[in-house]
Amino acid sequence: IQIELGDIANILAYISIGDRIQDIERLVGALSDIQRLYARDPEQMPNTEYINPTVMVSPQTAFYAEKKAVPIRETEGMICGEFAMCYPPGIPLLAPGEKITKTVLEHIRYAKEKGCSMTGSEDPELKHLNVLA
């Protein structure tokens with residue numbers, strides 16, 4: 001059974017006609033164990049719903065604009081000048097031209113705490129973010 005598209009809150013399990021019933025039972029058992037051992041109060045978990053971006057300038061304009069590196073904790077309300085992606089799955093949390101919101105910053109902080117790799121930005125640790133000057 002192949003697992004793909006994993007992120008902080010989701011996985012996609014591929015099962016096929018070639019998988020045995022025992023394999024599927026093991027998957028279901030493992031998922032039950034994960035829930036039993038690691039379940040948390042949903043109120044304490046971040047919202048994993050889609051974050052609708054606010055595009056302030058076109059991605060092309062932002063990509064070629066003058067930028068400055070700012071500590072990420074100070075970027076709320078600024079316009080992002082680069083990509084910031086959480087891997088897995090590698091989908092951008094921020095793209096050039098988008099407004100940096102509190103929700104996005106909380107998601108980035110949570111992903112970093114949980115050990116996700118941050119990619120796409122000039123600073124691989126994402127302590128600083130390039131924003132439009």
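At least 1 residues being open to solvent by less than 100 Å² (accessible area, probe 1.4 Å), of a type outside the set (S, T, Y) and modelled with pLDDT under 90 is the threshold, and among the strands (runs of 3 or more DSSP E) wholly inside segment 15-112 those reaching it are 84-87, 91-94. Search segment 20-46 for residues that are of a type outside the set (S, T, Y) and pair each with any residue that is open to solvent by 80 Å² or more (accessible area, probe 1.4 Å) when their beta-carbon atoms are under 7 Å apart and the residues are at least 6 apart or on different chains. What qualifies is I24/I15; P46/E106.
In segment 67-90, the residues that are in contact (Cβ under 8 Å) with a residue 60 or more places away in the chain and of a type in the set (A, V, I, L, M, F, W, C) form Cβ pairs under 7 Å with partners that are surrounded by 13 or more Cβ atoms within 10 Å (Cβ to Cβ) and assigned to a strand (DSSP E or B), at six or more places apart or across chains, as follows: A69/H128; A69/N130; V70/H128; V70/L129; V70/V131; C86/L93; C86/M118.
The values are calculated or read from the model by the stated rules, or taken from the named source; none is laboratory data. Quick caveat: nothing in here was measured; it's all calculated off a predicted structure. Cβ: placed from backbone, ideal geometry, glycine included. Neighbour counts: every protein chain shown. Accessible surface is based on the protein model in full, side chains and every heavy atom, while ligands, DNA and RNA are left aside. Shrake-Rupley method; radii C 1.70, N 1.55, O 1.52, S 1.80 Å.
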